[in-house]
Amino acid sequence: MKHARLANLLNRQFNREISALLRYVIEAASLHGESQATVRALYLAEAHERVERAQYLADQIVAMGDNPTLSPTVVRPQITLREMLRHDASEEHTDEQNYLKLACEAEKAQLSSLKQRMKEQATLEHKHVGEMESLLW
């Protein structure tokens, strides 16, 4: 396969997206009441975005001649809202870095539209880090 390394990296991020989807669904379910409504809405919106991103990544993996493999990591949800936000902001930051790495790999493979999409995803992840960190104050 011509882009085996890139397909492998895309598959790793695909699994991170699926893992995050599961985490956000579980965390949103644990949030109740008016005081937690903002974070619950944020997590539900994140879950929807994760589905779209996972599908895009899966499509790209298949386009490269590989098959997505599913091996998500399900982390026990954090106990308190602050712990959830801290943990998830850290995970979003990791995803931001992963998308920047994917953009570089796509550039090496001369896949300009993939490169652009990965840079856009990195920017979105950076925004999500800021949103979560702002809720910590």
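The values are calculated or read from the model by the stated rules, or taken from the named source; none is laboratory data. The shown structure was predicted, so the numbers you read here are calculated from the model rather than taken from an experiment. Using ideal geometry, Cβ is built from the backbone for each residue, glycine included, and neighbour counts are taken over all protein chains shown.
Descriptive notes on the structure:
- Total residues in segment 59-76, condition assigned to a loop (DSSP other than H, G, I, E, B) and surrounded by fewer than 16 Cβ atoms within 10 Å (Cβ to Cβ): 9
- Filtering segment 34-58 to residues that are of a type in the set (D, E, K, R) and exposed (fewer than 12 other Cβ atoms within 10 Å of the Cβ) leaves Glu34, Glu52.
- Cβ pairs under 7 Å, 6+ apart, first in segment 19-33 and over 13 Å from Leu85 (Cβ atoms), second at pLDDT below 90 and hydroxyl-bearing (Ser, Thr, Tyr): Ser19/Thr73
- If the condition is being under 10 Å from the mean Cα position of the chain (by Cα) and under 20 Å from Glu120 (Cβ atoms), then segment 19-51 contributes Ala20, Leu21, Glu46, Ala47, Glu49, Arg50, Val51.
Per-residue answers, yes or no, for (1) in contact with a Ser or Thr (Cβ under 6 Å, 6 or more places away or on another chain); (2) modelled with pLDDT of 95 or more; (3) charged (D, E, K, R); (4) part of a loop (DSSP other than H, G, I, E, B):
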site	(1), (2), (3), (4)
Arg5	no, no, yes, no
Leu10	no, yes, no, no
Phe14	no, yes, no, no
Arg23	no, no, yes, no
His32	no, no, no, yes
Ala45	no, yes, no, no
Glu52	no, yes, yes, no
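- Scanning segment 70-86 for residues that are hydroxyl-bearing (Ser, Thr, Tyr) and either closer than 18 Å to His128 by Cβ or under 16 Å from the mean Cα position of the chain (by Cα) (or both) yields a total of 2.
- The one condition from (1) within 12 Å of the chain's Cα centre (by Cα); (2) at pLDDT below 95 that Leu135 does not meet is (1).
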